[in-house]
Amino acid sequence: MSSILNGLVELAKSTGIYGFLQSGGWGNAVMILVGFFLFYLAIKKGFEPLLLVPIAMGCVLSNIPFAYIAGSPDPTNGAIGFIQILYNAGIESGLFPVLIFMGVGAMTDFGPLIANPRTLLLGAAAQLGIFSALIGALFLSFIPGINFDLNVAASIGIIGGADGPTAIYVTRYLAPDYLGSIAVAAYSYMALVPIIQPPIMKALTTEKERKIRMQQLRPVSKVEKIIFPISVLTVCALLLPSACPLIGALMFGNLCKECGVVNRLSDTMQNALMNIVTICLGLSVGSKMAAEKFLNLETLGILLLGMVAFGIGTAGGVLLAKLMNKLSPKRPINPLIGAAGVSAVPMAARVASKVGQEADPQNFLLMHAMGPNVSGVIGSAVAAGVLMKVVPILTSGLLG
């Protein structure tokens, strides 16, 4: 009888209910509720469901007590959870970000950027958030309980580009211990673009500016579209080889799309490959929202800085567009498209177009906004390459 009772006791101790009642179990319950909230945002509100649904599921699964789906191996048999395997294979190795860039390249039309090269400056201005957050992270280190060195600060800063794959790629190289929280912050703000950006855009522009209609873009030839990715990769290889993995994947995907002779490869990148990697990456990122790793002061600081960086990046693009209008009034730019310089493709361009149509329903800005939007992707990858090259040199110099 005693053995039966002991068996029942052990069975009870293996339940999720018992796990939630243990010390720290409340944190798991809180994070599961956060996961449910992300489900709500994705399903009910439609905020980037392709990103948020896998991230939310990863968050929920990683916080189930005794499931060992992510993190530590199961102590009873040493087995590693399936999400942890995905994380090790795709995020720690840096494979998923490269594959995502390949898919983005295959889905991207650089025509608007080629037709209006000035918008490249707007994409560059939106990277202002990266360096602002870097400086902010260093200042946060003066708060007790927060210790961000230059490597971590640079990794946090890249969140300002609103580019999850780039944030993952940089962080795994500079600050791997912070990979989970930085990835979560980057993808959370990417998904919340429709909430974060409009108030900033409206605060920095007048209604008259939001009604500016831009000149129709010129047609871009197929030859130009083929030459563009080859040219960008060549320049990157000559000047910044450290950015070539991301830029190379992006341009390879785009070349496959534009050359017209490998349609099967392009279709695979745009659909099957992109969907598979999005599922695996979303689950992996969400798994890093485990309570013991997420509910701490440093993670909250990263989330705060990510928000600030994203806001500064949005404002930088808008303000530069306003400055360009002062310098070149004959070819006005609607400042709203400057906000699309953050590299959340194509969400930021859609938001810019939507805010513009709220002021003037007949003003169609989407194609114009795609110029700075795709240049933002290139800009964030270039910024990543610069940080990955310069930060270790500065760190070694400071230590020396």
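One table, with the values for the structure above:
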quantity	calculated
Criterion: under 24 Å from the mean Cα position of the chain (by Cα), of a type outside the set (Lys, Arg), in a helix (DSSP H, G or I) and surrounded by fewer than 17 Cβ atoms within 10 Å (Cβ to Cβ) - qualifying residue of Ile227, Ile276	Ile276
Among the candidates Gly25, Gly19, residue that is surrounded by 12 or more Cβ atoms within 10 Å (Cβ to Cβ), free of Cβ contacts under 8 Å to residues at least 60 places away in the same chain and in contact with a Phe, Trp or Tyr (Cβ under 6 Å, 6 or more places away or on another chain)	Gly19
Test set (1) more than 27 Å from Leu239 (Cα to Cα); (2) free of Cβ contacts under 8 Å to residues at least 40 places away in the same chain - Ser396 fails condition number	(1)
Residue that is farthest from Lys322 (Cα to Cα), among those in the range 203-218 that are out of contact with any Leu (no Cβ under 9 Å at 6 or more places or on another chain) and in contact (Cβ under 8 Å) with a residue 40 or more places away in the chain	Arg218
Any hit, the range 312-330, residues being out of contact with any strand residue (DSSP E or B) (no Cβ under 9 Å at 6 or more places or on another chain), within 22 Å of Pro97 (Cα to Cα) and open to solvent by less than 10 Å² (accessible area, probe 1.4 Å)	yes
Helices (runs of 4 or more DSSP H) wholly inside the range 1-115 containing at least 3 residues that are of a type in the set (A, V, I, L, M) and within 30 Å of Val377 (Cβ to Cβ)	25-43, 49-62, 82-86, 95-107, 111-115
Matching residues, the range 329-349, being touching a residue at least 60 places away in the same chain (Cβ under 8 Å) and either in a loop (DSSP other than H, G, I, E, B) or basic (Lys, Arg) (or both)	Arg331, Pro332, Ile333, Asn334, Val342, Ser343, Ala344, Val345
Which listed residue, of Gly306, Gly282, Gly301, is out of contact with any Gly (no Cβ under 6 Å at 6 or more places or on another chain), part of a helix (DSSP H, G or I) and over 30 Å from Met107 (Cβ atoms)	Gly301
Selected residue [within 18 Å of Gly376 (Cα to Cα) and modelled with pLDDT of 95 or more] from Ala186, Ala249, Ala272	Ala249
Tally, over the range 73-88, of residues that are touching a helix residue (DSSP H, G or I) at 6+ places or on another chain (Cβ under 7 Å) and surrounded by fewer than 15 Cβ atoms within 10 Å (Cβ to Cβ)	0
Residue in the range 359-366 that is over 24 Å from Phe101 (Cβ atoms), in contact with a Gly (Cβ under 9 Å, 6 or more places away or on another chain), assigned to a loop (DSSP other than H, G, I, E, B) and open to solvent by 60 Å² or more (accessible area, probe 1.4 Å) present	yes
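The values are calculated or read from the model by the stated rules, or taken from the named source; none is laboratory data. This one's a predicted model, so the numbers in the text were calculated from it and none came from an experiment. No Cβ is skipped: glycine too gets one built from the backbone with ideal geometry, and neighbour counts run over all protein chains shown. Keep in mind that these areas ignore ligands, DNA and RNA; they rest on the heavy atoms of the full protein, side chains included. Shrake-Rupley method; radii C 1.70, N 1.55, O 1.52, S 1.80 Å.
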